[in-house]
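The values are calculated or read from the model by the stated rules, or taken from the named source; none is laboratory data. Predicted, not measured: the structure shown is a model, and the values here were computed from it. Quick reminder, even Gly has a Cβ in these numbers, built from the backbone with ideal geometry, and neighbours come from all protein chains shown.
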Amino acid sequence: MSEGENSSAATFAATAIEGWRVETLYSDIAQAFKVKKVLHESATGKQDLAVLDTERLGRVLFLDGVVQTTEADEFVYHEMLTHVPLFAHGAAKRVLVIGGGDGGMLREIVKHKEVEKITLVEIDKGVVDFSKKHLPSLSDGAFDDERVEVAFEDGARYVSRFKRKTFDVIIVDSTDPEGPGAALFTKEFYQNCKERLGKGGILVTQNGVPFLQPDELRDTMTKFSELFEDHSAYLANVPTYYGGPMALGWGSDSARRRQVSEKVLEDRFAAADIKTRYYTPAVHKAAFALPRYIEELMPK
Ligand code: SAM
């Protein structure tokens, strides 16, 4: 066998040997992580939670056996699900995060000085407590920002309850549509998010990896097309969200938000003086260019 085949055979064998953790998102393919140390494992009553220290990716958070975030590549996802809607909006004052218990979204949002109020609604307090202790680099103190308030409840219930609350940007940083996350992929939830958006508001959502989870994006985009004047998806390349680019859903009743020019984005980005490792105004605009196999998932 060639060197490559040798190493893949060795890798495959290793996943059956102590010292590796195999992600269980799919029934027929998996990625494995060589574990340096299991920092913590517990059942929070809502989800099985684990944080492992790994050889190459730093600390990795698993929920119900699925990679949620890793220290090494979390910047990609957290920068793209915050800076794209916030720089597109340009004057967001009130931001709602549904999910996001690891605090990575908060860390990026608090860098926007124009934002006056950030509400994070997380169903599982265990994730917040746990991430503060075992993954402090993700929130990087953002939970202590005076603009941040945290509510521990189902995000679907929250947006259905507070009829008077409005937000300029709503970010759905959910798990996949299984277990408690399923409630965050319904048309009723998206309808309630739309009603919580102020004029020109933007809803963005985590919609999985279309190459392996095409239905997740197709279903959300079909619902967005029935609710929003402007709906689309944009892409972020997160190495540990296995299977190619990750899709992020976009819905707004103001088409000009998505059409904001690169020049305007550059001016806003320069004025904000935010250091990033993935987001740039050019990447922002390019992220909405969808390859054919993803474009075909969008409603006609
Ligand atoms: N970056 C990850 C991804 O793309 O899969 C998501 C990270 S974050 C850890 C996902 C969070 O969503 C978890 O903390 C989970 O507890 C939370 N969550 C799941 N269902 C929820 C619901 N119905 N309401 C609020 N939070 C929810």
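Go through the residues of the stretch 227-235 one by one and say whether even a single one is closer than 15 Å to TYR26 by Cβ, in contact with a helix residue (DSSP H, G or I) (Cβ under 9 Å, 6 or more places away or on another chain) and in contact (Cβ under 8 Å) with a residue 60 or more places away in the chain.
No, every residue in the stretch 227-235 fails to be closer than 15 Å to TYR26 by Cβ, in contact with a helix residue (DSSP H, G or I) (Cβ under 9 Å, 6 or more places away or on another chain) and in contact (Cβ under 8 Å) with a residue 60 or more places away in the chain.
List the number of the failed condition for ALA92; all other conditions in (1) over 22 Å from LYS46 (Cβ atoms); (2) out of contact with any strand residue (DSSP E or B) (no Cβ under 6 Å at 6 or more places or on another chain); (3) of a type in the set (A, V, I, L, M, F, W, C) hold.
With respect to (1) over 22 Å from LYS46 (Cβ atoms); (2) out of contact with any strand residue (DSSP E or B) (no Cβ under 6 Å at 6 or more places or on another chain); (3) of a type in the set (A, V, I, L, M, F, W, C), ALA92 is out only on (2).
Please go through the stretch 102-114 and pick out each residue that is within 21 Å of ALA272 (Cα to Cα) and either within 12 Å of the ligand (Cβ to nearest atom) or part of a loop (DSSP other than H, G, I, E, B) (or both).
Matches in the stretch 102-114: GLY103, GLY104, MET105, LEU106, VAL110, LYS111, HIS112, LYS113, GLU114.
Pull up the stretch 269-279, narrow it to residues that are assigned to a loop (DSSP other than H, G, I, E, B) and in contact with an Asp or Glu (Cβ under 9 Å, 6 or more places away or on another chain), then point me to the one that is nearest to ASP230 (Cα to Cα).
TYR279
Of the residues that make up the stretch 121-132, is at least one within 30 Å of LEU265 (Cα to Cα), in the same structural domain as ALA233 (by TED's automatic domain parsing) and touching a residue at least 24 places away in the same chain (Cβ under 8 Å)?
Yes, the stretch 121-132 contains at least one residue that is within 30 Å of LEU265 (Cα to Cα), in the same structural domain as ALA233 (by TED's automatic domain parsing) and touching a residue at least 24 places away in the same chain (Cβ under 8 Å).
Determine which member of the set LEU96, LEU61 is under 27 Å from ALA182 (Cβ atoms), within 8 Å of the ligand (Cβ to nearest atom) and not acidic (Asp, Glu).
Selected residue: LEU61, the only one of LEU96, LEU61 that is under 27 Å from ALA182 (Cβ atoms), within 8 Å of the ligand (Cβ to nearest atom) and not acidic (Asp, Glu).
Show me the strands (runs of 3 or more DSSP E) found entirely inside the stretch 115-219 where at least 3 residues are within 22 Å of HIS89 (Cβ to Cβ) and within 13 Å of the ligand (Cβ to nearest atom).
117-121, 167-173, 197-206
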